[in-house]
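Peer 1: Below are the structure tokens for one structure; questions will follow.
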Amino acid sequence: MLVNTPPMGWNTWNTFGSDISDALVRESADAIAELGLKDAGYTYVVIDDCWSLRKRDSVTKSIVPDPVKFPHGMKALADYVHGKGLKFGMYSCAGQRTCADYPGSFDHEFLDARTFAEWGVDFLKYDFCYRPGGFEGQLLYRRMGMALRESGRDILFSACNWGSDNVWQWIRSCGAHMYRSTGDIIDTPESFRNIAISQMDKLNANAPQCFNDMDMLTVGMYGKGNVGVQGMTAADYRSEFALWCMCGVPLMLGCDVRSLDKEMLALLKNRDLIAIDQDAECRQPIFLGNPEREKKLCVFRHLDGGKYAVAFFNFNDEARNVSFTFSDVGLSAASGLGLRFSPVLGSLEGTYSEYLNVTTDAHDCIVAVCEAVPV
Ligand code: GLA
């Protein structure tokens, strides 16, 4: 199974937690198709934790979908999601129980992978709670990686061990296609910034076939739901989404897609930002500045086709100048070249040489693409 660019989709956890159902997933799949999110690239509709009964079937040992939450079973739901032209994702855990205390897949990996394949599952998020003593996390991800590969169906393997055990060093070898690299996101500015800052020196391992998952987005949640906590402003959501896109990581929506406002829908469908995220070269960005000390950051990224993306982030509570010295990314004055900018978010336009100071509003960001031109 080839996963050449960061996976995109929607996941139930951030907003709905354990409050999930067949109807919720169908309505969300409808919304993803009808609102143009599917056409923008959001393909995977993923049910997170809390979908099963508390105990496995005593005879078959299979995990049993909760008949109250999912009265038609998972195959019927997968068929519905597939009927919308979308892909169907589910969740399990490498330990004996999931994080919310439902059956995990430990020692049932091959049975569960076959069951998921029979149901038509295309994506498995695989968590890391309740690991039995004496078992290396790495071995448990190898097991499910093999089980999925041998399941008879292409199933995207989304590992979720929160960055433990230097996961970026070995997870690719387990067959995973994406791997959570941090603890859980919540809907606050500090949360998304700290996640991004913690990955600045780890994006070298983010590459085709296995992408660094900085967690589901909180964009558009406005404080509602499971990880809502306090909510953020539209400016913060622009910054969160732009940071994820500049890093080239999976874009998994975590909001209630059925009630997205126009502004957030437009942001999440922004073609230019998504094109940066999905850039075929999948290069790690260059980070300029010290976001912990200065609470601002310039991010520069090589794109396919001879272009570059550049973004200016201001995490302060007042407007600030964010600077970009071209020689820091290798474009020395001796080159005779400047950069011509076209706007993506905000209005940065025109040709500049050597440096640029961009006034960026509080908590907001400005994004542009650029190309080198003689000056
Ligand atoms: C862990 C994961 C979350 C979510 C919950 C479910 O905390 O990191 O993303 O899947 O478990 O219980």
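Peer 1: Answer yes or no as to whether Y179 is open to solvent by less than 20 Å² (accessible area, probe 1.4 Å), closer than 22 Å to K295 by Cα, touching a Ser or Thr at 6+ places or on another chain (Cβ under 8 Å) and free of Cβ contacts under 8 Å to residues at least 40 places away in the same chain. Give the steps one after another, and end with the answer.
Peer 2: Details: open to solvent by less than 20 Å² (accessible area, probe 1.4 Å): yes; closer than 22 Å to K295 by Cα: no; touching a Ser or Thr at 6+ places or on another chain (Cβ under 8 Å): yes; free of Cβ contacts under 8 Å to residues at least 40 places away in the same chain: yes.
Here the answer is no, as Y179 does not meet what is asked.
Peer 1: Residue check, D184 against (1) in contact with a Cys (Cβ under 8 Å, 6 or more places away or on another chain); (2) closer than 25 Å to A234 by Cβ, all met but one. Which one?
Peer 2: Against the list (1) in contact with a Cys (Cβ under 8 Å, 6 or more places away or on another chain); (2) closer than 25 Å to A234 by Cβ, D184 comes up short only on (1).
Peer 1: Give F300, F315, F324 a once-over and let me know the one that is open to solvent by less than 30 Å² (accessible area, probe 1.4 Å), of a type in the set (A, V, I, L, M, F, W, C) and closer than 19 Å to L203 by Cα.
Peer 2: Numbers: F315 fails: closer than 19 Å to L203 by Cα; F324 fails: closer than 19 Å to L203 by Cα.
The conditions single out F300.
Peer 1: Report, ordered by the first and then the second residue, all pairs with beta carbons closer than 8 Å, sequence separation of six or more or different chains, a first member in segment 60-74 that is at negative phi, and a second member that is open to solvent by 80 Å² or more (accessible area, probe 1.4 Å).
Peer 2: V64/K55
Peer 1: Pairs needed: first member in segment 124-139, within 11 Å of N161 (Cβ to Cβ); second member anywhere, open to solvent by 50 Å² or more (accessible area, probe 1.4 Å) and within 12 Å of the ligand (Cβ to nearest atom); C-beta distance under 7 Å; at least 6 residues apart or different chains.
Peer 2: Final answer for the pair search is D127/C99; F128/W162; C129/R97; C129/C99.
Peer 1: Given the conditions (1) within 13 Å of the ligand (Cβ to nearest atom); (2) open to solvent by 10 Å² or more (accessible area, probe 1.4 Å), report the number of the one that L124 does not fulfil.
Peer 2: The failed condition is (2).
Peer 1: Residues being more than 15 Å from the ligand (Cβ to nearest atom) and within 20 Å of A100 (Cα to Cα): count how many of those fall in segment 2-22.
Peer 2: Here the count works out to 2.
Here's the yes/no breakdown for (1) more than 16 Å from the ligand (Cβ to nearest atom); (2) assigned by TED's automatic domain parsing to the domain that holds T98; (3) on the phi > 0 side of the Ramachandran plot; (4) not β-branched (V, I, T):
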residue	(1), (2), (3), (4)
G133	yes, yes, no, yes
G137	no, yes, no, yes
S151	yes, yes, no, yes
D154	yes, yes, no, yes
V167	no, yes, no, no
S173	yes, yes, no, yes
G183	no, yes, no, yes
Q199	no, yes, no, yes
K202	yes, yes, no, yes
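Peer 1: Still on this structure, please answer the following. Only one of (1) of a type outside the set (S, T, Y); (2) in a helix (DSSP H, G or I); (3) open to solvent by less than 60 Å² (accessible area, probe 1.4 Å) is not met by C50, so which one is it?
Peer 2: Answer for C50: the failing condition is (2).
Peer 1: Please identify the pairs in which a residue from segment 217-246 that is within 16 Å of A309 (Cα to Cα) has its Cβ atom under 7 Å from the Cβ atom of a residue that is basic (K, R), counting only partners at least 6 apart or on another chain.
Peer 2: Pairs that qualify, where the first residue is within 16 Å of A309 (Cα to Cα) and the partner is basic (K, R), are M246/R301.
Peer 1: Go through the residues of segment 205-223 one by one and say whether even a single one is over 21 Å from I47 (Cα atoms) and surrounded by 24 or more Cβ atoms within 10 Å (Cβ to Cβ).
Peer 2: Yes, the conditions are met somewhere in segment 205-223.
Peer 1: Which of (1) open to solvent by 30 Å² or more (accessible area, probe 1.4 Å); (2) out of contact with any His (no Cβ under 8 Å at 6 or more places or on another chain) does R283 not meet, given it meets every other one?
Peer 2: Going through the list (1) open to solvent by 30 Å² or more (accessible area, probe 1.4 Å); (2) out of contact with any His (no Cβ under 8 Å at 6 or more places or on another chain), R283 breaks only (2).
Peer 1: Continuing with this model, one more query. When residues of segment 98-111 are filtered for being of a type in the set (D, E) and within 16 Å of the ligand (Cβ to nearest atom), how many remain?
Peer 2: Residues of segment 98-111 of a type in the set (D, E): 101, 107, 109.
Retained after the next criterion (residues that are within 16 Å of the ligand (Cβ to nearest atom)): 101.
The total comes to 1.
Peer 1: Could you list, in sequence order, the residues of segment 53-82 that are open to solvent by 70 Å² or more (accessible area, probe 1.4 Å) and either part of a strand (DSSP E or B) or more than 16 Å from the ligand (Cβ to nearest atom) (or both)? Explain how you work it out, then say what you get.
Peer 2: First pass over segment 53-82, keeping only residues open to solvent by 70 Å² or more (accessible area, probe 1.4 Å): 54-55, 58-61, 67-68, 71-72, 75, 79.
Those that are open to solvent by 70 Å² or more (accessible area, probe 1.4 Å) and either part of a strand (DSSP E or B) or more than 16 Å from the ligand (Cβ to nearest atom) (or both): K55, S58, V59, T60, K61, P67, V68, P71, H72, K75, D79.
Peer 1: Taking the stated definitions as given, is S158 touching a helix residue (DSSP H, G or I) at 6+ places or on another chain (Cβ under 8 Å), closer than 27 Å to L251 by Cβ and within 14 Å of the ligand (Cβ to nearest atom)? Walk me through it before giving the result.
Peer 2: Numbers: touching a helix residue (DSSP H, G or I) at 6+ places or on another chain (Cβ under 8 Å): no; closer than 27 Å to L251 by Cβ: yes; within 14 Å of the ligand (Cβ to nearest atom): yes.
When the stated conditions are applied, S158 does not pass them.
The values are calculated or read from the model by the stated rules, or taken from the named source; none is laboratory data. On a predicted model such as this, the values are computed, not experimentally measured, just so you know. Every residue, glycine among them, receives a Cβ derived from its backbone with ideal geometry; neighbour counts consider all protein chains shown. Only protein heavy atoms, including side chains, enter the accessible area calculation; ligands, DNA and RNA are left aside. Shrake-Rupley method; radii C 1.70, N 1.55, O 1.52, S 1.80 Å.
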